[in-house]
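First the structure, in the form of structure tokens, and then the observations on it.
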Amino acid sequence: MTLEEKITFYSHEAAVDFQKFLREKECGSRIVVEHSFSGEPYFEGTISQFMNLIDLLAKKDEEENEVDEDLLHMKNDLIERKETLEEFLEGHKEGDLLSDSTPSQMLAQLQTIDATGDDAIKKDAADKFVSSLMVLATLEDNGLLEEEGENYRLKEIKAADEMTVMYAYNDFPAVTQDDLAECGIASHVRTSSTTDYVITVGTEVLFVNTDEIADFLDHVDVDEEEAAKFVDAVFFKQAFVGKIHELVAEGNASEEALLEALGAPSFPLEGTNDVISFDITADYLKAVVNDLRKLGILTGKDGKIKNT
């Protein structure tokens, strides 16, 4: 039905919890599990190999009297990455337990520092946080970490410039297969799957208080933007249906008359100081009117539409 609304959850548990909430509000719903699978290609090689590739491409540019600023910036970032890894490795040995280096622990430290209000301290802490995340990600991608409880253990030491890193294809738009082969860099296609739990909420949601919906969604595992979008959509449809009910009560008994009346510049939005306008098509209005007939809110054929 046109007045139904959809919301996506990333966990089955959260989706089922929301269905229970809807049932308590006498609102029907159905759930569909949607799987997706995608892949994205990357260039993969060691830091040393990418340094060689950048130098090779820069030499080609120099021969043509060109300078690729993006390439130079990438080289500086790669040098900084190598130095950061070397600094970390110098302070650790094989078998070390990284007891304060999980992302959640580092974020907690950052939030504590953030409360001090000193901008210089906060910037330095933020930079260290980003660097630490990079180190952990690189070590993990190279199979050098193993989880131990809530911590990581460094199970092996490897030279920084021999660690494998990846770059997106568009980071090297001018590279050729010969360039890649010369530097020993290969392609790595990273594939991943996602599972979404999509709930289609019945038209009875029009009778549910949107504040209650919003409050419930604040306490379950759902994307904030997705939840806000859903609540807004329900609220706007409630306002739309309310306006149709009001216009029918005023004697607008046909879809044509309703469409004309709804074309006004704006209407007050009940319960707020705001206004709302409705830019809708005749087909959409017809579908909504049909839904409202099924809900028992409206009766009568076109030209004789009445409120129940």
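The values are calculated or read from the model by the stated rules, or taken from the named source; none is laboratory data. If you're wondering where the values come from, they're calculated on a predicted model, not measured in any experiment. Virtual Cβ from ideal backbone geometry, glycine too; neighbours counted across all protein chains shown. Accessible surface is based on the protein model in full, side chains and every heavy atom, while ligands, DNA and RNA are left aside. Shrake-Rupley method; radii C 1.70, N 1.55, O 1.52, S 1.80 Å.
With R₀ set to 41 Å, the beta-carbon distance separating LEU97 from ALA186 gives a calculated FRET efficiency near 0.75. Rolling a 1.4 Å probe across all protein chains gives LYS75 an accessible area of roughly 60 Å². Is the chain rounded, prolate or oblate when judged by the Cα gyration tensor, a ≥ b ≥ c being the square roots of its eigenvalues, rounded requiring a/c under 1.5 and prolate requiring a/b larger than b/c? Cα axes put the chain in the prolate bin. Hydrophobic, long helices, defined as DSSP H runs whose alpha-carbon span along the helix axis is 20 Å or greater and whose mean Kyte-Doolittle value is at least -1.0, occur in the chain at 47-63, 69-90, 119-141, 224-249. Considering only ILE305, LEU56, ALA15, whose Cα is most displaced toward the positive end of the charge dipole of the chain, charges sitting on Cβ of Lys, Arg (+1) and Asp, Glu (-1)? Projecting each Cα onto the dipole axis, the largest value belongs to ILE305. Rolling a 1.4 Å probe across all protein chains gives SER29 an accessible area of roughly 40 Å². Near GLU13, once Lys and Arg are set to +1 and Asp and Glu to -1 for all other residues with Cβ below 12 Å from its Cβ, the sum equals -1.
Using protein chains only and a probe of 1.4 angstrom, how many square angstrom of GLU40 are accessible, to the nearest 10? Surface accessible to solvent at GLU40 totals approximately 100 Å².
An oblate overall shape is assigned to segment 32-89, the ratio a/c of its alpha-carbon gyration tensor axes (a ≥ b ≥ c) being 1.5 or greater and a/b not exceeding b/c.
Once the chain from ALA264 to SER11 is taken as fully extended at 0.36 nm per residue, the excess over their C-alpha distance is 86.8 nm.
Given +1 at the Cβ of Lys and Arg, -1 at the Cβ of Asp and Glu and no other charges, the dipole of the chain around its Cα centre is 2020 debye to the nearest 20.
Please give the charge dipole size of segment 161-271, origin at the Cα centre, charges +1 on K and R Cβ atoms and -1 on D and E Cβ atoms. Round to the nearest 20 debye. Provide the component values of the computation, followed by the final result.
Working: 4 positive and 24 negative charges, 79 e Å.
So the dipole magnitude of segment 161-271 works out to roughly 380 debye.
For segment 247-289 versus segment 67-94, the spacing of their alpha-carbon centroids is 61 Å.
Once a ≥ b ≥ c are taken as the square roots of the eigenvalues of the Cα gyration tensor of segment 198-273, is the result rounded (a/c under 1.5), prolate (a/b larger than b/c) or oblate (a/b not larger than b/c)? Prolate, because a/c is 1.5 or more and a/b exceeds b/c.
Taking 0.36 nm per residue of sequence separation and subtracting the Cα-Cα distance, how much length would be gained by fully extending the chain between VAL275 and ASN76, in nm to one decimal?
On the way: separation 199, 0.36 × 199 = 71.64 nm, distance 5.27 nm.
Value of the extension gain: 66.4 nm.
Neighbours of ALA261 by Cβ distance under 12 Å: Lys/Arg scored +1, Asp/Glu scored -1, total -4.
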